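Everything on this sheet refers to the single structure shown next.
Only the coordinates and a few stated rules stand behind these numbers; no lab work does. This is a predicted model, so every value here is computed, not measured. We place every Cβ from the backbone using ideal geometry, glycine too, and count neighbours over all the protein chains shown.
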């Protein structure tokens, strides 16, 4: 059997010490398969962002270990791309140059990589915007640029930390559909953090529910819905059953929306 | 239209001040050696134009030299303080102490050590002008958002790349704010340096005019200093607009959305 794309073994993360000690995550055991779309939901401050930062190698686990492609990591793995809640674009670079930032920093200078920028901008519906500056774009468009930047070096893992949390509801639904399409075209392994139950169930192959303080995996809910899922496909009972199950778990964990 | 009214207000203020000045001198019969009439000051400036220009040139030279020294040393000092926690802990208290301490008091000592040439003047100007640059650069370098730094880290950026591609450009708006304060301080520094020991420059002229109770010349020199200060300030502002156009645009967009 091939190694899991992401594997956490007894991973725990504690912040501070003694009286100010916060157990953000406790004993996380989780395997994410190749090309799987794994959604993680939980209340604010339940440690779901910490989970993403452990996988990204931005934080080191206090106990346990994190493996990517079967290898234990002790820093950001070369094969990851991250999308944060804010687009974090550099205002002095054009859209194209912002996407290329990833190549500049990693020292990738092949002409094919540069050509790939156009394909990616096309993929997210931003062809023709390459020479614009970020502040000329709407919030949704800025976040698409940051998705391109996360994909330009062809990573095997796409880590997304509430990427659409700052967008309005309509743009958010639009972006959900687009992300699904991008994922189906690129077949990356996606770790998707969100606090929206609908978003998690709509996008995820499985939905991991995390309890707040200390953060533990409460249950993993499989979502067996055919793809591509669009909003009409979400009228089926299976979608609502999965949503209800996730909501039940979150309520049981003492989460109030 | 907007441009015109933008100029109209400061102009009206100047005209108002000059009228008030005339009124005070005439109504209260203020003697000439206390407060000369604006017209007399103007006449003096015209008469002594080349003389004033010569001394202005010297002060401007010292100001720019001290300011350049402040930029060349201030920005790297700030980068070093942000890059190294040890340096920050070791040097920051001394930097702050050096500023709470009246720098004017150091000026005579510097003259004793370095004589009356250009060098002590640059040093005094530097001492007065470099601190705002260090402080605002440090603030700017530390202002990068957490997610921006995490992004850089996720790309496995080296420390050098971290500063070059992220921290330094993001700090530029703060750096320019510091430069504007610093350039104004540099003029003060050059005048102080000339007070302590000089044979030319506007600071030297001030001392001489003061000794002779030549109040008209005093005012003419003050006018020259004002012009130097304003011109240098706007020069920095123009440089800011040219080098970080994105900042002005974002500022405008922010005020537009909050308004």
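General remarks:
- Burial order of peptide ranges B:241-247, A:225-231 (average beta-carbon count within 10 Å, highest first): B:241-247, A:225-231
- Against the empirical 2.2 N^0.38 Å (N residues), the range B:11-108 has a Cα radius of gyration ratio of 1.80.
- Computed over chain B: relative contact order in percent, which uses C-alpha pairs under 8 Å that are six or more apart: 25
- Distance between modelled label sites at residue A:224 and residue B:211, nm, 7 Å Cα→Cβ extension: 10.2
- Counting every other Cβ atom within 10 Å of each residue's Cβ, B:85, A:172, B:142 order from fewest to most as B:85, B:142, A:172.
- Here the contact order of the range B:81-218, divided by its residue count and restricted to Cα pairs under 8 Å and six or more residues apart, works out to 27 percent.
- Separation of the range A:58-96 and the range B:54-113, taken as the distance between their Cα centroids, equals 40 angstrom.
- What the Cβ-Cβ distance of residue A:74 and residue A:22 gives, at R0 = 30 Å and to the nearest 0.05, is a FRET efficiency of 0.85.
- Note on B:150-163: average number of Cβ atoms from other chains within 10 Å of each residue's Cβ is 6.
- Counted by neighbouring Cβ atoms within 10 Å, the residues A:247, A:144, A:224 run from fewest to most as A:224, A:247, A:144.
- Over the range A:96-243, volume per residue of the alpha carbon convex hull, in Å³: 134
- Over chain A, relative contact order from alpha-carbon pairs under 8 Å, at least 6 apart, %: 26
- FRET efficiency estimate (nearest 0.05) - Cβ-Cβ, residue B:68 to residue A:14, R0 56 angstrom: 0.65
- Helix B:38-47 vs. chain B, principal-axis angle (Cα, 0 to 90°, nearest 10): 80
- Share of alpha-carbon pairs per 20 Å distance bin for the protein assembly as shown, given as whole %: 18, 38, 25, 16, 3, 0
- 10 Å Cβ neighbours from other chains, averaged over peptide A:84-95: 4
- Label-point separation, residue B:47 to residue B:146 (7 Å along Cα→Cβ), nm: 6.8
- Chain A: most fluctuating residue of A:152, A:73, A:108 per GNM, C-alpha cutoff 10 Å: A:108
- For chain A, the mean residue ellipticity at 222 nm estimated from helices alone is -11000 deg cm²/dmol, where every DSSP H run of n ≥ 4 contributes -39500 (n - 2.57) and the total is divided by all residues, rounded to the nearest 500.
- Chain lengthening between residue A:174 and residue A:241 when straightened (0.36 nm per residue, less Cα-Cα): 21.8 nm
- In the elastic network of chain B, a GNM with C-alpha springs shorter than 10 Å, the most mobile of B:172, B:225, B:87 is B:87.
- Taking the inverse of the mean reciprocal distance over all distinct Cα pairs, the Kirkwood hydrodynamic radius of the range B:76-200 comes to 16.2 Å.
- Highest-MSF residue in chain B out of B:231, B:196, B:128 [GNM, Cα springs under 10 Å]: B:231
- This ranking places B:51, A:129 by how few other beta-carbon atoms lie within 10 Å of each, fewest first, which gives B:51, A:129.
- Full extension of the chain between residue A:104 and residue A:122 yields a length gain of 4.4 nm, computed as 0.36 nm times the residue separation minus the alpha carbon distance.
- Model label points for residue B:235 and residue A:213, set 7 angstrom from Cα along the Cα-to-Cβ axis, are 5.8 nm apart.
- With Cα atoms, 0 to 90° folded angle of helix A:139-151 axis to chain A main axis: 90
- Computed from Cα positions, the angle between helix B:168-196 and the longest principal axis of chain B comes to roughly 30 degrees.
- Per-residue shielding of A:72-82, expressed as the average number of other chain Cβ atoms within 10 Å of the residue Cβ, stands at 2.
- Two-site FRET efficiency, residue A:114 against residue A:60, from Cβ-Cβ distance with R₀ of 35 Å, rounded to 0.05: 0.55
- Its alpha carbons considered, the range A:43-145 gives a radius of gyration followed by a Dmax of 16.2, 48 Å.
- Normalising by residue count, the range B:39-258 has a Cα convex hull of 161 Å³ per residue.
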